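Take a look at the structure set out below.
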Amino acid sequence: MEEPAGDQADEQAEDQAEDQAEEQRFVVEAPFPPAGDQPKAIAELSDGILGGERFQTLLGITGSGKSATLAWVIEQVQRPTLVIAPNKSLAAQLANEFRAFFPNNRVEYFVSYYDYYQPEAYLPSSDTFIEKDSSVNDEIDRLRHSATAALLTRRDTIVVASVSCIYGLGNPSMYKDQLLVLRVGEDLGAGDKVGQRAALARLVDMQYERNDLVLGRGKFRVRGDTLEIHPAYEETAVRVSLFGDEVESITEVDALTGEHLRQLDELVVFPATHYAADRVVLARAMERIQDELQHRLAFFEGEQKLLEAQRLRMRTEHDLEMLSELGFCNGVENYSAPIDGRGPGEQPYTLLDYFPDDFLVVLDESHVAVPQLNGQYHGDRSRKETLIEHGFRLPSAADNRPLRFEEFLETVGQVVLLSATPGQWELDNSSRVVEQIVRPTGLIDPEVVVRPTRGQIDDLQGMIEERVAADQRGLVTTLTKKMAEELTDYLLEHGVRVRYLHSDIDTVERIEILRDLRLGEFDVLVGINLLREGLDLPEVSLVAILDADKEGFLRSETSLVQTIGRAARNVDGQVVMYADEVTASMQRALTETNRRRALQQAYNEEHGIDPQTVRKAVSDILEVIRPDREGAPVPKGRRRRGERLVDEMSDLPRADLERLLGSLEEEMKEAAGDLRFEYAARLRDEISELRRELRDLAEHA
């Protein structure tokens, strides 16, 4: 029988992938059955989803097993699921938990791949243009590609994502149309063209780079009758052996050693970028970009804005030339609307468009996630409008944007909202609120006591020493950075092994610090607004809240209840609020905590349960991210230094220069995060000068 070729082969691959997806089912593997309030919550949420209810809220307290409940719900409803977490750390933690629950299904991780990101910006007041500057984490980029590849090939896929999932991504139809399918026993080719040259041309169109010396992710090489490809979404490479144009064998190999891992019958290669487009689409997009350019130039010239016109002409024509020659250019995302064929203001493609129509959305810590999703659209709108107004970008660049909250709600179907403290939006829109108050372990909410602020530090130190003697840990939350730093210094001087968790610490280092706390590398962690949602720390038995009576965001009812929950995984858990008066927020938090304690104690008495501290392995959630940490600067109690002149530093020894360099890099990242682009750019220039100084020192050493 003649083998199908060209487009028929590609269609057959897609049909086979769909058939395979239908056969794959979510199966939970857990060392324990549902307990406490979990069986009731699983039944209610599953009934709601299968009954077509749009929004449901799971009001689950800390340690009640919300993640496990959600896993069993997914098993019940058998839907591909997007779980949105408020930050990368929580997303990594959740991905790790779901991988344990679903070892035979796909659990993917999708967050921003930037370790550092400073968007391009223009400051009219000083006529300063700041180029886009960023540092991409290659491993997280691979995981993003792995997520989209899984969604297009398997139905049993869970993606744990940050708010990055509502930002622009390439058209999924174009992404899928660009795939290359190779099968043993069939001719090598792409579409209706057969032969090695056609396959190599397709790989180049898919933005794979040919490198016959070093095979890396997103690259391929040819050696005689052997084609080696390292897909953008895999840790391993693939070796394709040919006999003429026929595929003789497909072997998965270790990308570094070349060791054979397993034989494959078929290989589906997805593009190396989410913005891949074939030549026909690209040509059509370039025509539209050229038309838009001419209209915009006519506008500027009519307004006598000749500088803006010249600026726009040079930049856009350069980008068009790059697109014509390479199929890609720096900042190609700014042309996503013409490439996708979208009109002005139309909704961009995002990760959500890679899911099938019936997918389920879960908003973890929804009291944070909902406002976060609501605020993304307006965040960089003014920056882009300034760039467009002054001729740095075409108007269509404004359509490279995150979804508005209304668009997000229109795109998703059924949503489960998870929170211990759901906000008003969740309560108003949910058809049902399912409470999960009783923990499977029988643990009850911690005792909360209020103590006066007079002598609070000495009192705190005494309690810390008691907990350390019992091999337990403590968390201390303050209101200001200055107070946190001073408290950390004081405790260090008095022999306490303490660390300070602050906003300058990047995602991976934050995860490392939390892991070290659990492992006992230190005993007390001090922070400000970093100790609330989702920290899974069973060893913590003491949480101290300083200035608990200072009303505000950090001491609201929601914040206090979340902070109290940090001590809820230990049978000896206790929370101390230092305050001279009991505010309304404190009283509501105390009342809610006492209500929950009463329900939990009644359940334990009825079922004869003796509460035990959660015994949980210190799983390394860095396994989800696995970045290369070599050479990354470790911030150490850095202070703001202001502007510096490099020539004043030229007499410093090499070690001091290296420390200064690390401090400046951290300050640059903070400035970019605060949208102080001009200051971040000056720091970047200082860093370049310092690196030159270090090279000179090395040459003369």
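The values are calculated or read from the model by the stated rules, or taken from the named source; none is laboratory data. Computed from a predicted structure; not experimentally measured. Cβ coordinates were reconstructed from backbone atoms using ideal geometry, including for glycine residues, and neighbour counts include every protein chain displayed.
Write out, first by first residue and then by second, each pair whose Cβ atoms fall under 7 Å of each other, whose residues are 6+ apart or on separate chains, and whose first residue, in the range 95-121, is outside the structural domain of Arg144 (by TED's automatic domain parsing) while the second is in a strand (DSSP E or B).
Listed by first residue and then by second, the contacts come to nothing, as the list is empty.
Being more than 18 Å from the chain's Cα centre (by Cα) and on the phi > 0 side of the Ramachandran plot is the filter here; which residues of the range 326-375 pass it?
Gly327, Gly331, Gly341, Gly345
Hey, could you check the range 476-496 for residues that are crowded, with 16+ Cβ neighbours inside 10 Å and not hydroxyl-bearing (Ser, Thr, Tyr) and say which is nearest to Asp549 (Cα to Cα)? Before the answer, list the steps.
If we filter the range 476-496 for residues that are crowded, with 16+ Cβ neighbours inside 10 Å, which is where we start, we get 476-479, 484-485, 487-488, 491, 496.
Filter once more, so that each one left must be not hydroxyl-bearing (Ser, Thr, Tyr): 476, 479, 484-485, 487, 491, 496.
Working: Val476: 15, Leu479: 11, Ala484: 17, Glu485: 21, Leu487: 19, Leu491: 23, Val496: 26 Å.
Top of the filtered list is Leu479.
So Ile457 ticks every box in (1) β-branched (Val, Ile, Thr); (2) under 19 Å from Asp549 (Cα atoms); (3) not assigned by TED's automatic domain parsing to the domain that holds Pro538 but one. Which box is left unticked?
Among (1) β-branched (Val, Ile, Thr); (2) under 19 Å from Asp549 (Cα atoms); (3) not assigned by TED's automatic domain parsing to the domain that holds Pro538, the lone unmet condition for Ile457 is (3).
Please enumerate the residues belonging to the range 345-398 that are hydrophobic (A, V, I, L, M, F, W, C), without any contact (Cβ under 8 Å) to a residue 12 or more places away in the chain and under 30 Å from Ser67 (Cα atoms).
None; the set is empty.
Please state which of the following conditions Met463 fails to meet, knowing it meets all the rest: (1) among the aliphatic types (A, V, I, L, M); (2) assigned to a helix (DSSP H, G or I); (3) not assigned by TED's automatic domain parsing to the domain that holds Arg597.
Going through (1) among the aliphatic types (A, V, I, L, M); (2) assigned to a helix (DSSP H, G or I); (3) not assigned by TED's automatic domain parsing to the domain that holds Arg597 one by one, Met463 breaks only (3).
Which condition breaks for Asn400 when tested against (1) in contact with a Ser or Thr (Cβ under 7 Å, 6 or more places away or on another chain); (2) surrounded by 22 or more Cβ atoms within 10 Å (Cβ to Cβ)?
For Asn400, the exception is condition (2).
Read through the list (1) farther than 26 Å from Phe270 by Cβ; (2) assigned to a helix (DSSP H, G or I); (3) at pLDDT below 55, then give the number of the only condition that Asp47 fails.
Only one criterion is unmet by Asp47, namely (3).
Could you identify the single residue in Asp353, Asp357, Asp364 that is among the acidic types (Asp, Glu) and surrounded by 23 or more Cβ atoms within 10 Å (Cβ to Cβ)?
Testing whether each residue is among the acidic types (Asp, Glu) and surrounded by 23 or more Cβ atoms within 10 Å (Cβ to Cβ) leaves just Asp364.
Determine the pairs where a residue that is in contact (Cβ under 8 Å) with a residue 40 or more places away in the chain and closer than 16 Å to Leu417 by Cα, located within the range 70-93, has a partner that is among the aromatic types (Phe, Trp, Tyr) and in a strand (DSSP E or B) with Cβ atoms under 7 Å apart, the partner being 6 or more residues away or on another chain.
Going by the 7 Å Cβ cut-off, the qualifying pairs are Ala91/Tyr109.
Is it the case that Gly258 is of a type outside the set (S, T, N, Q), assigned to a loop (DSSP other than H, G, I, E, B) and at positive phi?
Considered against the rule, which asks whether it is of a type outside the set (S, T, N, Q), assigned to a loop (DSSP other than H, G, I, E, B) and at positive phi, Gly258 comes out as yes.
Looking at the structure I just gave you, is Ala337 among the small types (Gly, Ala, Ser) and either closer than 14 Å to Ile388 by Cα or surrounded by fewer than 17 Cβ atoms within 10 Å (Cβ to Cβ) (or both)?
no
What pairs can you find where one residue is in the range 24-37 and touching a residue at least 40 places away in the same chain (Cβ under 8 Å) and within 16 Å of Ser64 (Cα to Cα), the other is surrounded by 11 or more Cβ atoms within 10 Å (Cβ to Cβ) and of a type in the set (Ser, Thr, Tyr), and their Cβ atoms are less than 9 Å apart, with a gap of 6+ or different chains?
Pro34/Thr69; Ala35/Thr441; Gly36/Ser64; Gly36/Thr441; Gly36/Tyr603; Asp37/Ser64; Asp37/Thr69; Asp37/Tyr603
Kindly list the number of the only condition in (1) crowded, with 20+ Cβ neighbours inside 10 Å; (2) at pLDDT 90 or above; (3) hydrophobic (A, V, I, L, M, F, W, C) that fails for Ala190.
It fails just one condition, (2).
Of all residues being surrounded by 21 or more Cβ atoms within 10 Å (Cβ to Cβ) and more than 20 Å from the chain's Cα centre (by Cα) in the range 157-177, which is farthest from Glu333 (Cα to Cα)? Just the residue, please.
Out of the qualifying residues, it is Tyr175.
Taking the range 210-233 on its own, how many of its residues are without any contact (Cβ under 8 Å) to a residue 40 or more places away in the chain and not in a loop (DSSP other than H, G, I, E, B)?
Counting residues in the range 210-233 that are without any contact (Cβ under 8 Å) to a residue 40 or more places away in the chain and not in a loop (DSSP other than H, G, I, E, B) gives 10.
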